[in-house]
Amino acid sequence: MIVLIETLQQMKGYKDDTFFLAVSIADRYYAYLTDQEVAEPPCRVILAVTCLLIAAKVEQHSEPSITSMIKLL
């Protein structure tokens, strides 16, 4: 999942800070799932794209589009 986040970040030309924030969001989400004792984690591809989009909305100057992100997959 981390490799996918990194690949998408590089393809979109996002800053390194965006990558680190996306990984941090994913890590915190998995920690939350562990605390809630969720048996089956979500799809890692969807989680990677979602975390990168959230991070890009915070870190990037341009508004990222989910449509353009999906086209990269």
Need one number: nm distance between label points at residue 33 and residue 15, each 7 Å from Cα along Cα→Cβ, rounded to one decimal.
2.9
Please give the contour-minus-distance gain from residue 58 to residue 1: 0.36 nm per residue of separation, less the Cα-Cα distance, rounded to one decimal in nm.
18.5 nm
Of 54-60, 24-30, 35-41, ordering from highest average Cβ density within 10 Å down gives 54-60, 24-30, 35-41
I'd like the projected area of the chain, averaged over all directions, using the convex hull of its alpha carbons. Report it in nm² with one decimal.
4.6
Please report the relative contact order for the chain, taking Cα pairs under 8 Å with a sequence separation of at least 6, and give it as a percent rounded to a whole number.
41
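All of the numbers you see were taken from the coordinates with simple rules; none came from a lab. These figures come from a predicted structure and were not determined experimentally. Counting neighbours? That spans all protein chains shown, and the Cβs are built from the backbone with ideal geometry, glycine included.
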